[in-house]
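Just so it is clear, none of the values below were taken in a lab; they were calculated from the coordinates. Just so it is clear, the structure is predicted and the values come from calculations on it, not from any experiment. All Cβ positions, glycine included, derive from the backbone under ideal geometry; neighbour counts span all protein chains shown.
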Ligand SMILES: NC(=O)c1ccc[n+]([C@@H]2O[C@H](COP(=O)([O-])OP(=O)(O)OC[C@H]3O[C@@H](n4cnc5c(N)ncnc54)[C@H](O)[C@@H]3O)[C@@H](O)[C@H]2O)c1
């Protein structure tokens, strides 16, 4: 019987000789053997983190509400040779997150890294946004991070070498019109995480804490997002696709580099660096830039010739 062909990259990656991009690995990887939990791992940055960690020898517990996307992430991680557990978990479900944390610890004996990554976005000026839409963003993007942190922190402390990584956004550094709920959730993640950084240090717990601020990353987040009535979905997607210069794989590399270096604040992409600088240098002065961008956008629309009716 013919033996199934084996991708040499996967074999080398599995052996720890090469990383997923085929670069030589020179020393024992710091993530090798570490147990990493990733929420929202069925797509985008979460999937890229899972695959990178899989290549680096980590043991994975991945979760998402998207069963199909999650299955694909788990399949790809298994192909690389990683031990991977997958669970369909909604991060807004506090009890489910708590049970999940106990189950993961029981299966793997410890939890070293938690990536609170699951998130959604919503676009709409406050006057046009429903309470349901605003609450959903806060529930997933803020309370999801709180539930993950509360559920897994005891395991991270007990591991003796834990790392909590919460994903905020460049919109956790500066605000933008039409993103009030998202801004609120991501600013809240930042405040929450910075408080825990201090608590862990003050208590002498062996847990490092990082808050991650990605700029626009080329994922499906905007395409799968909701908009308030009256918003131009297509134009929003188009603008996002133009702005999103960072690939999820690159975001994962930057995040894991920051985690390994023990950085408390991890900026992902040149736009996140710019947002950070604008917030520091201009206080609220950056708001004029958004006003200018809005004005130019409207002006450009007015100048576009109307499409001919067929
Ligand atoms: N893509 C960007 O430009 C960008 C920028 C800044 C911050 N972020 C943040 O990065 C994180 C990952 O986003 P992404 O861009 O990879 O998006 P994505 O849409 O590609 O992936 C997000 C994943 O979260 C999952 N998810 C959504 N709600 C969930 C819930 N209640 N419970 C469990 N899983 C849930 C989705 O099913 C999806 O698989 C989010 O927190 C997002 O806010 C993204």
Want the number for residue 238 to residue 157: 0.36 nm per residue separation, take away the alpha-carbon distance, what's left?
24.8 nm
Quick one: length gained pulling residue 289 to residue 201 fully straight, 0.36 nm per residue minus the C-alpha distance?
27.9 nm
With each label point set 7 Å from Cα along the Cα-Cβ vector, what nm distance links residue 245 and residue 130?
3.8 nm
Decide, for segment 199-310, between rounded, prolate and oblate: order the square roots of the alpha carbon gyration tensor eigenvalues as a ≥ b ≥ c, take rounded if a/c falls under 1.5, and otherwise choose prolate if a/b is larger than b/c, else oblate.
prolate
Radius, Kirkwood style, for segment 81-161 when every pair of distinct Cα atoms is counted (Å)
14.1 Å
Helix 44-55 axis, angle to the chain major axis (alpha carbon atoms, nearest 10°):
20 degrees
Value of Rg/Rh across segment 8-279 [Cα atoms, Kirkwood radius]
0.96
Beta carbons within 10 angstrom, averaged per residue: use that to sort the peptides 203-214, 111-122, 59-70, 281-292, highest first.
111-122, 59-70, 203-214, 281-292
Which value at 222 nm does the chain reach when only helices count, each DSSP H run of 4 or more adding -39,500 (n - 2.57), with the total divided by all residues and rounded to the nearest 500 deg cm²/dmol?
-15500 deg cm²/dmol
At a 10 Å Cβ-Cβ cut-off, how would you order 227, 77, fewest neighbours first?
227, 77
As a test, work out the antiparallel percent of DSSP beta bridges whose residues both lie in the chain, rounded to the nearest 5.
5 percent
In nm, what is the difference between 0.36 nm times the number of residues separating residue 261 and residue 76 and their Cα-Cα distance?
63.9 nm
Quick one: if you take sqrt(5λ) for each eigenvalue of the C-alpha gyration tensor of segment 108-265, what semi-axes come out, biggest first, whole angstrom?
30, 17, 12
